[in-house]
Amino acid sequence: MNKQEEKLRALQMTLEKLDNIKKETKYKEETKIKLENGLFLDIKKINDRRWIEEFNSKYVTGLAEFKALNPNKTTQEYINNEIEKINNIEAENKKIFNLSDDKFCYWLRNKYPVKFENSDIKNNDLKEHPFFIDQKKYFEPSEFEDYRITLYKQKLNELPKTEKLKEKRLGDKWYALLYWMELNSNGKRPPIDAEGSFNKDKLMIEGNKRTGKSGQVFYTSFKEIDINNSKAIERSFGKEWKEAIIKLSNNDNKIIDYLKEKYKS
């Protein structure tokens with residue numbers, strides 16, 4: 001390529017870059033709207049199917065489980081509980097973000113002790129560390145996150161309050177937890193394959209028998225349950241998980257005795 005061709009190529013690339021910048025600017029202007037509360041939203045994000053899927057997965061399914069575990073409680077109580085959780089998380093995140101850099105470093109070290117236990121990184125150095133920067137950015141207030149929170153609260157309040165919901169079974173993870181309890185209370189071990197891992201095929205067959213589904217979610221839930229950690233179980237299943245498991249087991253005496261012995265607190 002001679003010098004004249006190089007110059008033409010360079011000019012062409014510059015024009016292409018300018019054209020791309022122009023298109024990008026136009027796209028941003030066209031895909032942003034201003035809401036009444038002053039937030040700017042990217043329309044593409046509003047229409048993002050994942051948001052609706054996430055809401056349905058987390059809150060609509062959550063309502064069905066709430067109703068199954070608390071037949072005497074109302075949908076409005078569920079909505080109030082979930083909105084309170086959202087508000088608490090939002091307030092806690094803002095509180096963490098507003099910490100000074102030194103205090104945020106201290107918080108990080110306490111939150112992730114394993115990450116720093118063999119490190120001699122000091123607070124001053126930690127401020128330049130990619131992990132510090134990523135975590136600080138994670139807690140930074142975001143107009144998109146604010147919108148999603150607003151959207152979730154709105155949708156929660158749109159859930160049917162008077163319509164009688166059809167009775168639904170608990171999620172697959174509850175049947176996986178009960179299976180763990182049945183195995184342990186009878187002194188049995190989970191099915192293991194030749195490599196010493198949980199036997200996926202056998203667990204999926206077990207899941208299919210119990211849930212009437214493929215067994216994939218049952219298998220995934222089963223292997224993720226930290227069966228010896230009562231706090232982890234409570235975080236995943238709620239404070240009244242023991243009562244729910246007893247109910248799911250049809251008040252099996254062996255399960256009741258095992259729960260009393262294993263999880264005394």
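Here, each number is a calculation from the coordinates, and none is a lab measurement. Here the structure is a predicted model, which means the values were calculated and not measured. Positions of Cβ are generated from backbone atoms using ideal geometry, with glycine treated the same way; all protein chains shown enter the neighbour counts.
Quick notes on this one:
- In terms of its alpha-carbon gyration tensor, segment 210-265 comes out oblate; a/c meets the 1.5 threshold, while b/c is at least as large as a/b.
- Calculated FRET efficiency for the pair HIS129/GLU240, C-beta based, R₀ 25 Å, to 0.05: 0.05
- Surrounding net charge for GLY215, when Lys and Arg each add one and Asp and Glu each subtract one, Cβ distance under 13 Å: +4
- Table column - 3J(HN,Hα) (Hz), segment 241-255, Karplus curve with 6.51, -1.76, 1.60, x for Gly and Pro: 5, 5, 4, 5, 5, 4, 5, 5, 7, 6, 6, 5, 4, 5, 5
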